Structure formats: C-alpha cells, structure tokens
Amino acid sequence: MYALKEDYGHGEVVGSHCHSEGQLVHATCGVMQVRTELGDWVIPTGHALWVPAYVAHEIHMNGSVNMRTLLAPPGSQLALPDRCQVIEIGTLLRELIVAVTQTTHEQDAEREHLLVALINIELGAARQVDALIPLPADSRLRAFCEQQIEAPGVELTLEKCGLQLHMSPRTFARLFQREIGMSFTEWRTRARMILSQQCLARGAAIWEVALEHGYQSPSAFAATFKRTLGYTPRYYQLNATAPDSARPMGA
C-alpha cells in the first residue's frame, strides 16, 4: 500500500482515470464529488470512497480539498468490498492515513507495515454509508440526470421531463423506473439530499441550502433530509465542520 498527497482548490477537477490498484479516496479537508459509470458519490470530510482497481472515476473539488488517499495493489487483502463504497473515517483511521502519507518505505519499512496493518483493522470496523446517486445506462436519460445533478433546485413535472426527452410522461416514468430502480421523484429527492451535503459542509445557512435544492422552507428540507439520511442538516453540519476531536459522528 502507498499513499498520495495532493491539495486542490475549489472547482478543480481530476479528469476520468483509473488505477491498477484499488484506491481509498479521502480528504482531510473539503468535499469531493466522485463520478463513476454507476453514478455520483458525494464525499464530505470524515468520509472516504473505496474505488476498486480499474474502475474509472472523475473527482470534482468543492471548496479547498486536502486529498490524502491510499492505493492498494492487488493482493493487499483490504477489508473492503469489490465495489465502490463510501465509509466513515474516524479520528484514528484519519490519523493513520495521514501518517502513511508522511512515511517513506526506505526510512521505516517496519513502521509502515504496522500502520498498514492498523489501517486494515480500522477499515474492517468502519461504518459503510449509502451515498450513491445512481445514473442510468441509457444515454438520453443519463444526460438528463446529469443536468439535474448540476441544477438540483430545478422543479420538473413528469410532463416536462418527457417533453425534454421527446416522449410521453408515462414512457419517461417507465424508462426511469426500469433503468434506475426507483421513480424520478424518489431519485430527485435522494440526489438533492446527497448533493446538499456539499453546501452544508461548507457552512452555508440551512435556509439557503433548502432554497438551492428546490425546497420553499427550511423545515420541509430538514424533514426530508432526516427521513432520507437519518439525521438532521444541523447535526450533519456541526459534525462535518467540527474538528476531529469534537466530531461525534463517525468518530
């Protein structure tokens, strides 16, 4: 296992690429949006995305991002699945990752070996998080969904959706359900809640985030956020912006 240490500014993009190793995409500061063939993941501070070997991915930076990632060659036997998966990064695991980025194999191979062993143990115990915004395989529908991700506050009826794709509302609804496994309304709600985490992690006011993501009141947004993700926007924001020593969520 070896580490990558890179810092990026807001809006920077790492173009689509893949590795012959598995990659644990993590940032000690900032929020990343990672796009793969299956869909988009939003990775706030305190989390990481496991990307298996040879899976193409593109990374968009939201705010200043201090990326500290790990690359695991085949045979590393990490306690991670053979698919992309978001996991919570607690204080100990975060510090272990940072320590590996500061260690050179030539200087202290034994220390590096022990750090990697501890990382593997902590990864096995880390909580997995459902943070995927799925994208369809159909090229027309995929382009439509990507437009919605770029402008999550736009309100569209099934009639308007169908009109954009030159099909009836019923045909659109059936195609969406078949391609993604959920209705357009369910998908839009999920996308809005996951995408809103980027703004919350930057410290934006909840009322502002609510309006930007298609909600007319903070209370309606907060209720949907909690129903979808299991905790309130305020709780998420406090944890996402707090120092590691004061962060209860995922610690």
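The values are calculated or read from the model by the stated rules, or taken from the named source; none is laboratory data. Everything numeric here is computed off the predicted structure, so don't read it as measured data. Glycine gets a Cβ as well: all are built from the backbone with ideal geometry, and neighbour counts include every protein chain shown.
Whenever a residue of region 217-237 is assigned by TED's automatic domain parsing to the domain that holds Thr189, its partners that are among the polar types (S, T, N, Q), lying with C-beta atoms within less than 6 angstrom and at least six residues away or across chains, give the pairs Ala222/Thr232; Lys226/Thr232. Of the residues making up region 147-156, one or more are closer than 25 Å to Cys29 by Cα, in the same structural domain as Leu229 (by TED's automatic domain parsing), touching a residue at least 12 places away in the same chain (Cβ under 8 Å) and crowded, with 16+ Cβ neighbours inside 10 Å. Determine, yes or no, whether Ala204 is under 23 Å from Met32 (Cβ atoms), small (Gly, Ala, Ser), at pLDDT below 95 and not in a helix (DSSP H, G or I). Answer is yes for this residue. Looking across region 174-186 at every residue that is farther than 16 Å from Arg142 by Cβ and within 25 Å of the chain's Cα centre (by Cα), the one that is surrounded by the fewest Cβ atoms within 10 Å (Cβ to Cβ) is identified as Thr185. Restricting attention to region 81-90 and to residues that are in a loop (DSSP other than H, G, I, E, B) and touching a Gly at 6+ places or on another chain (Cβ under 7 Å), the residue that is farthest from Glu37 (Cα to Cα) turns out to be Gly90. One residue alone among Thr232, Thr189 is of a type in the set (Val, Ile, Thr), surrounded by 15 or more Cβ atoms within 10 Å (Cβ to Cβ) and within 23 Å of Asp130 (Cβ to Cβ), and that residue is Thr189.
Counting residues in region 54-64 that are out of contact with any His (no Cβ under 9 Å at 6 or more places or on another chain) and modelled with pLDDT under 90 gives zero. For region 41-53, the candidate set comprises residues that are within 14 Å of the chain's Cα centre (by Cα) and modelled with pLDDT of 85 or more; within that set, the residue that is nearest to Cys145 (Cα to Cα) is Trp41.
Among the residues making up region 10-27, those that are surrounded by fewer than 18 Cβ atoms within 10 Å (Cβ to Cβ) and either on the phi > 0 side of the Ramachandran plot or not in a loop (DSSP other than H, G, I, E, B) (or both) are Gly11, Val13, Val14, Gly15, Ser16, His17. Tell me, yes or no, whether region 161-173 has at least one residue that is within 28 Å of Ile43 (Cβ to Cβ), at pLDDT 90 or above and exposed (fewer than 13 other Cβ atoms within 10 Å of the Cβ). Checked region 161-173: no residue is within 28 Å of Ile43 (Cβ to Cβ), at pLDDT 90 or above and exposed (fewer than 13 other Cβ atoms within 10 Å of the Cβ). Selection of first residues in region 8-30 that are charged (D, E, K, R) and of second residues that are in a strand (DSSP E or B), restricted to Cβ pairs under 6 Å at least 6 apart or on distinct chains, gives the following pairs, ordered by first then second residue: Glu12/Met61; Glu21/Leu71; Glu21/Ala72.
Residue selection: Gly162 fails the criterion of being in a helix (DSSP H, G or I) and either within 30 Å of Gln237 (Cβ to Cβ) or touching a residue at least 60 places away in the same chain (Cβ under 8 Å) (or both). Counting only residues that are among the charged types (D, E, K, R) and surrounded by 17 or more Cβ atoms within 10 Å (Cβ to Cβ), which one in region 28-41 is farthest from Met67 (Cα to Cα)? Across region 28-41, the extreme among qualifying residues is Asp40. Kindly evaluate Leu118 against the criterion of being part of a helix (DSSP H, G or I), within 30 Å of Met1 (Cβ to Cβ) and either of a type outside the set (Gly, Ala, Ser) or touching a helix residue (DSSP H, G or I) at 6+ places or on another chain (Cβ under 8 Å) (or both). It is true that Leu118 is part of a helix (DSSP H, G or I), within 30 Å of Met1 (Cβ to Cβ) and either of a type outside the set (Gly, Ala, Ser) or touching a helix residue (DSSP H, G or I) at 6+ places or on another chain (Cβ under 8 Å) (or both). Quick one: is Leu135 closer than 24 Å to Arg83 by Cα, buried (at least 19 other Cβ atoms within 10 Å of the Cβ) and free of Cβ contacts under 8 Å to residues at least 40 places away in the same chain? The answer is no for Leu135.
Residues of region 56-78 that are surrounded by 14 or more Cβ atoms within 10 Å (Cβ to Cβ) and part of a loop (DSSP other than H, G, I, E, B): Ser76, Leu78.
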